[in-house]
Amino acid sequence: MDLKLEVIVLPVSDVDRAKSFYQAAGFRLDIDLVAGEDYRVVQFTPPGSECSIILGKGVTSAAPGSFQGLYLIVFDIEEARAELIGRGVEVGEVFHDAGGIFDHGHDAGEVTYGAGDEGRVGGPHPARADYGSYATFRDPDGNGWVLQEVKKRAPGR
């Protein structure tokens, strides 16, 4: 059986502000449907992704900004970061996990290491290991995104 993740519904407080952000970030606008004063659906797809995001009015009861750790897989972390910055997105510095394996949690879109950032090392993974380099950003409501560099996906992916 195949189960494919198709859509993630993001909670936002201002649909037009979020729409402007994701358009500026280079996500493809798929639909903007208004079906009354209390219902609007805006769907975007990140470049190269098969999974889309939906934001809008009346589409979720989740608190705006409450989604964290939304991963965007990129081939070149530094290039992707530079492009997003060029599009006006505030992206944190590239980092890697001191332990070599990213198995820590998320807090407000940032990768956390217990009480501080002692497990985070600036710059990409020294060997540029797949799944080893990260950068983070947030949308205007605080929904947290993680860029992760992967050149060769794990088997079965």
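Read-outs: derived from the displayed coordinates by stated rules, not from any lab. Quick caveat: nothing in here was measured; it's all calculated off a predicted structure. Note that we place each Cβ from the backbone using ideal geometry, even for glycine, and neighbour counts take in every protein chain shown.
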Kirkwood radius from Cα pairs of segment 1-79 plugged into Stokes-Einstein at 25 °C, 0.890 mPa s, gives D in µm²/s equal to 181
Of 83-91, 28-36, ordering from highest average Cβ density within 10 Å down gives 83-91, 28-36
Taking 0.36 nm per residue of separation between Glu90 and Arg17 and subtracting their Cα-Cα distance, the length gained on full extension comes to 24.8 nm
For the chain the translational diffusion coefficient, Stokes-Einstein from a Kirkwood Rh over Cα pairs at 37 °C and viscosity 0.692 mPa s, in µm²/s, is roughly 199
Taking Cα atoms only, helix 77-86 is inclined relative to the longest principal axis of the chain by an angle, in degrees rounded to 10, of 40
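For Ala98 and Ile8, what does the FRET efficiency come to when R0 = 35 Å and r is the distance between their Cβ atoms, rounded to the nearest 0.05? Write out the running numbers ahead of the final one.
Details: r = 30 Å, r/R0 = 0.85.
E(calc), rounded to 0.05, equals 0.70.
For every other residue with a beta carbon closer than 15 angstrom to the beta carbon of Ser61, add +1 if it is Lys or Arg and -1 if Asp or Glu, then tell me the sum. Walk me through the numbers on the way to the answer.
On the way: positive: Lys57; negative: Asp38, Asp141.
Taking every other residue near Ser61 into account, the sum is -1.
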For the pair Ser61 and Glu78, the simple spin-label estimate (label points 7 Å beyond Cα toward Cβ) gives in nm 4.8
Taking every other residue with Cβ under 15 Å from the Cβ of Leu33 and scoring Lys and Arg +1, Asp and Glu -1, one gets -2
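Order the peptides 130-139, 60-69 from the highest to the lowest mean number of other Cβ atoms within 10 Å of their residues.
Values: 130-139: 21.0, 60-69: 15.3.
With the highest mean Cβ count within 10 Å placed first, the list reads 130-139, 60-69.
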Tilt, helix 15-24 to longest principal axis of the chain (alpha-carbon atoms), in degrees rounded to tens, equals 50
